[in-house]
1. With a Förster radius of 25 Å, plug the Cβ-Cβ distance of Leu27 and Leu63 into 1/(1 + (r/R0)^6) and report the FRET value to the nearest 0.05.
2. For the chain, what Kirkwood radius comes out of the mean inverse Cα-Cα distance, in Å?
3. Modelling each spin label as a point 7 Å along the Cα-to-Cβ direction, I'd like the Leu39/His55 distance in nm, to one decimal.
4. Go through the chain and flag any cysteine with no other cysteine's C-beta closer than 4.7 Å, please.
5. Let me know the charge dipole size of the chain about its Cα centre in debye, to the nearest 20, where only the beta-carbon of Lys, Arg (+1) and Asp, Glu (-1) is charged.
6. Whole-Hz ³J(HN,Hα) for each residue in segment 43-57, computed from phi via Karplus 6.51 cos²θ - 1.76 cosθ + 1.60 with θ = phi - 60°, x for glycine and proline: what do you get?
7. With unit charges on the beta carbon (Lys/Arg positive, Asp/Glu negative), name the residue among Ala36, Leu9, Val77 whose Cα is farthest towards the positive pole of the charge dipole of the chain.
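What follows is calculated from the coordinates using simple rules that are stated; it is not laboratory data. Predicted model, so just to flag it, every value in this text is computed and none were measured. All Cβ positions, glycine included, derive from the backbone under ideal geometry; neighbour counts span all protein chains shown.
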Amino acid sequence: MKLSTVRRLTYMLLALICVMLVLVWYLDVYELVYSAVTLVVLVGIVNCLFWKCPHCGKNLGRLEKQNHCHNCGKELVM
Ligand SMILES: [Zn+2]
């Protein structure tokens, strides 16, 4: 999976989690808490599995756009 796709997917999941928590807050739909927790776990799994350098295989850390890997220094294509 491309790094830009991983980043976009993670941001979409985080936005969905925020929407769910707002709905829980305003509408008292507490069942959405379980879905939000599941999405948090999914974000963690996606981050661990796919947010890594294609050269050295180490995790890239923050979800910001990066031009170079902070572990090996090679250029990243995002
Ligand atoms: Zn690297």
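1. Values: r = 29 Å, r/R0 = 1.15.
So the FRET efficiency works out to roughly 0.30.
2. Working: mean 1/r = 0.0732 Å⁻¹.
Here the Kirkwood hydrodynamic radius works out to 13.7 Å.
3. Once both label points are built, they end up 3.5 nm from each other.
4. So, Cys18, Cys48.
5. Numbers: 8 positive and 4 negative charges, 102 e Å.
My answer is approximately 500 debye.
6. 4, x, 5, 4, 5, 5, 7, 10, 8, 9, 5, x, 8, 9, x
7. Value computed over the given set: Val77.
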